[in-house]
Amino acid sequence: MFAIGTHFHPADAAGERRQARARAALLKLDDVVRVNLQFTDQIFYSPDGFRTLPVLRQDSHRITGAARGARKPLLSEMFDALADVARAEGRRYFAYLNADIEVTAAALAIAAAGGADGYAFSRMDVDAATGAELGVEIYGLDLFVVETTWWSRERHRFRPYIAGEACWDNVYGSILCAHGRAEIVNERPGVFHERHAAVWHDGPFAQHNGYLATLDAPYFSRWAHYIAALEAARAGNAAVDRALIARQAMGDAHLPVPERLRHAARQVRARLRRARQHAGASHRRSPPGSGSREP
């Protein structure tokens, strides 16, 4: 039922160990097409048991103009590639995971049994030394399972966020819930992640994702409302209806007219600010005497 994959990439020893654990978990899954997405001009790794596809044409350097920093793929392009594999193989769903996430059959069984348009899974963090479960990280999403026909219909809503940077998962999960029959899975999610220190940079990649999140502000706001409502419900003594909370916070894509106008103004400001930043960067890159032109 699933084509499942990610982009395996160069990492330090600890990062490579986590990716190796993710690959080992995927090899345990039955009746799935395992996909390793790579850039068209660079195959970093071609592991046994995976279909290595050098199909990624875009990257973090090209989309930001930055020459430094790790070369990272774009989420929308990876989702497109996985959807193509799923359709070619006659699979109803494609699944994307962050490269250090261990996916179990129990997680995919949730999607197989539910029949929704999409599922977004939080992860269970585990201790690196003991394997002890440390708790579900409800603020992020690390596995997406999406129905291929729904993706074809709604693909235009998903912007080219850079993988490995902030915001994209919250926005993508909110879009799933707003425009499809979708579930956020954060109770016994069946996906695991070795906890490690997170390093977030305030460089051009993070700025790019922040800019896109501003353009997608209504979706990001719905996610924030969802988390606040979930935390409030968990703090009480009553049983928590997580599906109901998600539907109430993110299940309606409609924006009232005043909010549509505010968001339109917000987008204009963000685009103008982005244009000024690009113009300034272009000026700084211009050699002496060459002059500078706005893009």
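The values are calculated or read from the model by the stated rules, or taken from the named source; none is laboratory data. As the structure is a computational prediction, the values presented were derived from the model and not from experiment. Positions of Cβ are backbone-derived with ideal geometry, glycine not excepted, and every protein chain shown enters the neighbour counts.
Filtering ALA95, ALA88 for residues that are crowded, with 21+ Cβ neighbours inside 10 Å, more than 18 Å from ALA198 (Cβ to Cβ) and among the small types (Gly, Ala, Ser) leaves a single hit, ALA95. Close Cβ contacts (under 6 Å, 6 or more residues apart or on different chains) running from residues in the stretch 29-47 that are over 19 Å from ALA112 (Cα atoms) to residues that are of a type in the set (Phe, Trp, Tyr) and at pLDDT 95 or above comprise ASN36/PHE8; ASN36/PHE50; TYR45/PHE8. Taking the condition surrounded by fewer than 14 Cβ atoms within 10 Å (Cβ to Cβ), of a type in the set (D, E, K, R) and more than 26 Å from ARG195 (Cα to Cα), does ASP30 pass? So ASP30 passes the test. Assessment of the stretch 103-112 against the conditions (touching a helix residue (DSSP H, G or I) at 6+ places or on another chain (Cβ under 7 Å), in a strand (DSSP E or B) and surrounded by 17 or more Cβ atoms within 10 Å (Cβ to Cβ)) yields at least one matching residue. For the stretch 217-232, indicate whether the set of residues that are of a type in the set (Gly, Ala, Ser), closer than 27 Å to ARG23 by Cα and under 17 Å from the mean Cα position of the chain (by Cα) is non-empty. No, that holds for no residue.
Any residue at all in the stretch 223-244 that is of a type in the set (S, T, N, Q) and modelled with pLDDT of 95 or more?
Within the stretch 223-244 (the criterion being of a type in the set (S, T, N, Q) and modelled with pLDDT of 95 or more), the answer is no, since none of the residues qualifies.
The residue list SER76, SER60 contains one member that is polar (S, T, N, Q), modelled with pLDDT of 95 or more, crowded, with 16+ Cβ neighbours inside 10 Å and within 15 Å of TRP151 (Cβ to Cβ), which is SER76. Looking only at residues in the stretch 66-91 that are of a type outside the set (A, V, I, L, M, F, W, C) and closer than 17 Å to PRO204 by Cβ, the one that is nearest to the chain's Cα centre (by Cα) is PRO73.
Against the conditions (1) touching a Pro at 6+ places or on another chain (Cβ under 9 Å); (2) part of a loop (DSSP other than H, G, I, E, B), ILE63 satisfies every one except (2).
Here's the yes/no breakdown for (1) part of a helix (DSSP H, G or I); (2) surrounded by fewer than 19 Cβ atoms within 10 Å (Cβ to Cβ); (3) among the hydroxyl-bearing types (Ser, Thr, Tyr):
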position	(1), (2), (3)
GLU165	no, no, no
ASP169	yes, no, no
SER174	yes, no, yes
CYS177	yes, no, no
ILE184	no, no, no
ARG188	no, yes, no
HIS193	no, no, no
HIS196	no, yes, no
VAL199	no, yes, no
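The C-beta contact set for the stretch 177-203 (first residue over 30 Å from GLY69 (Cβ atoms) and touching a residue at least 60 places away in the same chain (Cβ under 8 Å), second residue assigned to a loop (DSSP other than H, G, I, E, B) and aliphatic (A, V, I, L, M), distance under 7 angstrom, 6+ apart or interchain) comprises ALA178/ALA253; HIS179/ALA253; ARG181/ALA116; ALA182/ALA116; GLU183/ALA116; ASN186/ILE138.
Determine which member of the set ALA95, ALA70 is under 14 Å from VAL145 (Cβ atoms), out of contact with any Asp or Glu (no Cβ under 9 Å at 6 or more places or on another chain) and touching a residue at least 40 places away in the same chain (Cβ under 8 Å).
Result of the check over ALA95, ALA70: ALA95.
Just the residues that are within 19 Å of the chain's Cα centre (by Cα) and not basic (Lys, Arg), please, taken from the stretch 54-65. Residues satisfying the conditions are VAL55, LEU56, GLN58, ASP59, SER60, HIS61, ILE63, THR64. ASP125 satisfies every condition listed in (1) farther than 18 Å from ALA25 by Cα; (2) outside any loop (DSSP other than H, G, I, E, B) except (1).
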